[in-house]
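The values are calculated or read from the model by the stated rules, or taken from the named source; none is laboratory data. If you're wondering where the values come from, they're calculated on a predicted model, not measured in any experiment. All Cβ positions, even for glycine, are placed from backbone atoms using ideal geometry, and neighbour counts span all protein chains on display. To get the accessible areas, we keep the full protein, side chains included, count just its heavy atoms, and leave off ligands, DNA and RNA. Shrake-Rupley method; radii C 1.70, N 1.55, O 1.52, S 1.80 Å.
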Amino acid sequence: MNDAPITLPSSPGWPGDGVHRVPYWVYTDPDTYRRELDRFYYAGHWCYIGLEAEIPHPGDFRRSVVGERSVIMVRTQDGGVRVLENVCAHRGAQFCRERQGNRKEFVCPYHQWAYDLEGKLRGIPYRRGIRQDGQLNGGMPADFQMEGRGLTSLKVAVRGGVVFASFDHSLESFEDYLGPTILSYFDRVFDGRKLKVLGYNRQRIPGNWKLMQENIKDPYHPGLLHSWFVTFGLWRADSKTSLKMDPHKRHAAMIGVRSVGKPAGDVVSGVTSYKADMSLRDPRQLDIVPEEWWKGPTAVMLTLFPSLIIQQQVNSLSMRHIQPRGPGVFDFVWTHFAFEDDSDEMIQRRLLQANLFGPSGYVSADDGEVIEFSQMGFQEKPDQQCLLEMGGHDSEEATNIASETLIRGMYEYWRRVMGV
Amino acid sequence: MNQALEAQAYTELLQLYAEYTAAIDAGDWDRWPEFFTEDCVYKLQPRENHERGLPLATLHFHSKGMLQDRVYGIRETLFHDPYYQRHVVSLPRVLAVDRGRWFLEANYAVFRTKLGEISTVFNVGRYLDEVVRVDGALKFASRFCIYDSEMIPNAIIYPI
């Protein structure tokens, strides 16, 4: 009998040229997933960590993740922000178990190796050995250097109160990473005003992490899947829309202006989610008050590849952190926020409009559901292909909702980086 | 309040809890808002937000009208995978009674069963309740569902 292991191709090929067909295996293949972590999450890309407002004082820390790796965002004594990998240099223990708190130093419980807030190794018990019968026995070798044995420290970028980090210290600046167009929409929200964290929501979605990026690069679905969007005009076919990207087409902005009034017949003909006679018993849930800083659009949904979605949909604001946990599952962590100078009324408004979003939200709960259904289909037939031809085959910027151009743009970039 | 009256009131509270649970496990959504006062507050909130005083909730309703809007959403607008839910609720613990208002706490565990699937633990937490008497009947003036579960398995569509 031949003992040679059966080797399967690491990933089947890409179907044809272009990106108007995406094979199902990109969502299911474990080797592809490992390479994605290495190429998108652990090198070459800025990943979302958290908000400065979560760690206002020296010693404040909060745990986060980059890809599947646990990291700690910490405010140092001099007021700076560090992002440290949560892995002890000694035996690899993920030593920090609290979600957040305040520390003067980090100590691993296993052998009490101690690190300062910069991640530098400061103490090793019995480093010089144990005195027995007048002699020092054991301990670290005399030439052991503490220097350079600290926690892995990530490259950090802070802009407008938002913290990003990367294991890749050769990475371009955050500003260059976003490119001028996407940066301008980032700065529209984070223009230097102090942020106020309103709270968190966490959901585990049984789907590939890219599907969430794609969901927010897809202006075609909101006016079909989400009754609230189409009925109340928050996002539908007659909304003024523009779809923009960075030069690499990895990030995108879906920009929309709310439609007011009843839609014309062709906008909603055959759209079963449109409920002509729907009205809210308590309209406070949609008590929308335009804000000056919107500068026109009532919604800007930013996808920052690979790990973050920034939501401004009317008065509701959130950071949505994509945390992959395998090819077929990711955690989706929502941090809703307001601005420190908001009135109490505005904060109440943001909180009530949060009913639209999150794991139970009127226009979000069903996104997780349909992503799960797509993943079910992918797993059954990895050789099948998604059809992504809305708006053509190319990936140019567009100004209508019947377009999948942003998803195609993302796959142009994905294919380049993945070499497939 | 004498002991007999107290026992009678507690029995009535138990009935409110039992009926609420029966209604939402049966999917009898129209009954759900009727357990609340007109200006009720209903919150489904992660424990972290609750304990740290962060106001965000997963669901945050400020009136019976908003609960009725949710019922409409469950029936007509929220596309979702259908599921059964089954609540197991502990006896309520009376935290305080003040001028006809009962402040109560009860543990709950909710199991979810999707079609063709095994049953799983869906959401675990406690109710923090304020119950008042309106026109002779006990109603929730507020019901906070504070859940321990660190991850929601995709989505929560139906009321807890």
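Under the combined filter of DSSP loop state and at most 15 neighbouring Cβ atoms within 10 Å, the range A:50-126 retains these trypsin sites (Lys or Arg not before Pro): A:ARG91, A:ARG97, A:ARG99, A:LYS104. Applying the criteria of a DSSP loop state and at most 16 other Cβ atoms within 10 Å to the trypsin sites (Lys or Arg not before Pro) of the range B:1-78 yields B:ARG52. Beyond 15 Å, what share of the Cα-Cα pairs of the range A:156-250 is found? Please give it as a whole percent. Counting every Cα pair in the range A:156-250, those more than 15 Å apart make up 75 percent. Global dimensions of the range A:110-269 from alpha-carbon coordinates: Rg and Dmax equal 26.4, 94 Å. Phi-derived couplings, Karplus 6.51 cos²θ - 1.76 cosθ + 1.60 at θ = phi - 60°, listed residue by residue for the range A:171-184: 5, 4, 5, 4, 5, 5, 4, 7, x, x, 5, 5, 4, 5 Hz, with x used for Gly and Pro. Shape analysis of the range A:287-368 based on the Cα gyration tensor places the equivalent ellipsoid semi-axes at 25, 14, 11 Å, largest first.
Excluding ligands, DNA and RNA and using a 1.4 Å probe, chains B and A jointly bury around 3500 Å² of accessible surface, summed across both partners.
The phi-based Karplus calculation (6.51 cos²θ - 1.76 cosθ + 1.60; θ = phi - 60°) puts the 3J(HN,Hα) values of the range B:52-65 at 9, x, 8, x, 4, 10, 5, 10, 8, 10, 10, 6, 4, x Hz, whole numbers, x for Gly and Pro. Expressed in units of 2.2 N^0.38 Å, where N is the residue count, the Cα radius of gyration of the protein assembly as shown is 1.06.
Here, the range A:179-418 yields an orientationally averaged convex hull projection of 13.4 nm² when only Cα atoms define the hull. Its Cα gyration tensor gives the range A:36-88 an equivalent ellipsoid. The semi-axes, each the square root of 5 times an eigenvalue, are 22, 11, 9 Å from largest down.
Taking 18 Å as the limit for the C-alpha separation, the pairs A:LYS155/A:LYS196; A:LYS155/A:LYS244; A:LYS240/A:LYS262 exceed it in the case of A:LYS155/A:LYS196; A:LYS155/A:LYS244. Rounded to the nearest whole Hz, the Karplus-based 3J(HN,Hα) values (6.51 cos²θ - 1.76 cosθ + 1.60, θ = phi - 60°) of the range B:93-106 follow the sequence 9, 7, 8, 6, 10, 9, 6, x, 10, 9, 10, 9, 9, 8, with x at glycine and proline.
Using a cutoff of 8 angstrom between alpha carbon atoms and counting only pairs six or more residues apart, the relative contact order for chain A works out to 20 percent.
Mean silhouette area of the range A:210-321, derived from the convex hull of its C-alpha atoms and averaged over all directions, reads 7.8 nm².
At a threshold of 8 angstrom on Cα-Cα distance, excluding pairs fewer than six apart, so keeping six or more, what relative contact order does the range A:212-280 reach in percent? With pairs under 8 Å counted, the relative contact order is 33 percent. If R0 is taken as 25 Å, the Cβ-Cβ distance between A:GLN385 and A:ARG416 corresponds to a FRET efficiency of 0.85. Label zone (B:HIS80, point 7 Å along Cα-to-C-beta; backbone nitrogen cut-off 12 Å) within the range B:30-56: none.
When a 1.4 Å probe is rolled over the protein heavy atoms, the share of accessible surface on the protein assembly as shown that falls to carbon and sulfur comes to 50 percent. Legend: Rg and Dmax of chain B, from Cα coordinates, 15.8, 52 Å. For A:ASP191 and A:SER343, a Förster radius of 30 Å and the Cβ-Cβ distance give a FRET efficiency of 0.95, rounded to the nearest 0.05.
What do you get for the angle between helix A:365-380 and the principal long axis of chain A? Use alpha-carbon atoms, 0 to 90 degrees, nearest ten. With rounding to tens, the tilt is 80 degrees. Residues of the range A:197-234 whose accessible area (probe 1.4 Å, heavy atoms of protein chains only) drops by at least 40 Å² once all protein chains are present, relative to their chain alone: A:LEU198, A:TYR200, A:ASN201, A:ARG202, A:ARG204.
Here is the list for the range A:70-129: chymotrypsin sites (Phe, Trp or Tyr not before Pro) lying in DSSP coil, each with at most 16 other C-beta atoms within 10 angstrom of its C-beta, are A:TYR110, A:TYR126. The residues of the protein assembly as shown expose, per residue, 43 Å² of accessible area to a 1.4 Å probe. Computed on chain B, with alpha-carbon pairs under 8 angstrom and 6+ residues apart, the relative contact order is 24 percent. Here A:LYS120 and B:ARG52 are evaluated by their C-beta separation; at R0 = 41 Å the FRET efficiency comes out at 0.85. Extending 7 Å from the Cα toward the beta-carbon at both A:VAL289 and A:SER70 defines two label points whose distance is 4.2 nm. For the range A:47-156, a simple Cβ point-charge model (Lys and Arg +1, Asp and Glu -1, everything else neutral) yields a dipole of about 180 debye relative to the Cα centre.
Amide H contacts of B:PHE36 (H built 1.01 Å from N, in plane; Pro and chain starts excluded): B:PHE140 sit under 5 Å, all sequence-distant by 5 or more or on other chains. Near the amide H of A:GLY123, within less than 5 Å, lie the amide hydrogens of A:ALA114, all on another chain or at least 5 residues away, with H placed in the peptide plane.
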